[in-house]
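The values are calculated or read from the model by the stated rules, or taken from the named source; none is laboratory data. Remember, predicted model here, so these are calculated numbers, not experimental data. Neighbour counts are summed over all protein chains in view; Cβ atoms, including those assigned to glycine, are modelled from backbone coordinates with ideal geometry. All accessible areas refer to the heavy atoms of the entire protein, side chains included, with ligands and DNA or RNA removed. Shrake-Rupley method; radii C 1.70, N 1.55, O 1.52, S 1.80 Å.
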Amino acid sequence: QVQLVESGGGLVQAGGSLRLSCAASGRTYAMGWFRQAPGKEREFVAAITWSGSGTYYADSVKGRFTISRDNAKNTMYLQMNNLKPEDTAVYYCAAINLAGNLKVFPPAVWNYWGQGTQVTVSS
């Protein structure tokens, strides 16, 4: 069983930065970040393979967000720069035991989820 715990969310002004962390216990796999704004469906943000050699990004965050992981610490990160009000959402960490194009796997396919951390970007 894998347990995921996110941290690092908060309130920031537009143009600012935040770094999210996801600490994993148990065996880890490919991991990713999703987000869900009020009244909207959960959407893919970024993902990274177990080795870290492969990364995937939603078009809306490409060039602004960077995903990384430190397997020695069992932790994944999401560095978010140049934040925009439309980035406001609850951000969830997830893990999946499948290989392939991580960007196309819908939320229902991901095996494990964290509890979420709120990110609010003010204009």
- Query: Here are 71, 81: which of them is more than 15 Å from residue 120 (Cβ to Cβ) and out of contact with any strand residue (DSSP E or B) (no Cβ under 8 Å at 6 or more places or on another chain)?
  - Reply: 71
- Item | Conditions (1) in contact with a Ser or Thr (Cβ under 9 Å, 6 or more places away or on another chain); (2) part of a strand (DSSP E or B); number of the one not met by residue 52 | (2)
- Query: Restricting attention to the stretch 2-12, and to residues there that are of a type outside the set (A, V, I, L, M, F, W, C) and either on the phi > 0 side of the Ramachandran plot or part of a strand (DSSP E or B) (or both), which single residue is most open to solvent (accessible area, probe 1.4 Å)?
  - Reply: 3
- Task: Just name the residue that is nearest to residue 119 (Cα to Cα) out of those in the stretch 13-31 that are open to solvent by 20 Å² or more (accessible area, probe 1.4 Å) and among the hydrophobic types (A, V, I, L, M, F, W, C).
- Result: 18
- Message: Can you say whether residue 34 is under 15 Å from the mean Cα position of the chain (by Cα), buried (at least 19 other Cβ atoms within 10 Å of the Cβ) and in contact (Cβ under 8 Å) with a residue 40 or more places away in the chain, as far as the supplied structure shows?
- Response: yes
- Message: Can you tell me which residue is farthest from residue 25 (Cα to Cα) among those in the stretch 103-123 that are out of contact with any Ser or Thr (no Cβ under 7 Å at 6 or more places or on another chain) and hydrophobic (A, V, I, L, M, F, W, C)?
- Response: 104
- Tell me, which residue of the stretch 97-123 that is buried (at least 18 other Cβ atoms within 10 Å of the Cβ) and part of a strand (DSSP E or B) is farthest from the chain's Cα centre (by Cα)? 121
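Residues checked against (1) in contact with a helix residue (DSSP H, G or I) (Cβ under 6 Å, 6 or more places away or on another chain); (2) on the phi < 0 side of the Ramachandran plot; (3) modelled with pLDDT under 95:
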residue: 41; (1), (2), (3): no, yes, no
residue: 57; (1), (2), (3): no, yes, no
residue: 63; (1), (2), (3): no, no, no
residue: 82; (1), (2), (3): no, no, no
residue: 88; (1), (2), (3): no, yes, no
residue: 92; (1), (2), (3): no, yes, no
residue: 97; (1), (2), (3): no, yes, yes
residue: 103; (1), (2), (3): no, yes, yes
- Item | Of all residues making up the stretch 39-74, the number that are of a type in the set (Phe, Trp, Tyr), closer than 20 Å to residue 119 by Cβ and open to solvent by 50 Å² or more (accessible area, probe 1.4 Å) | 1
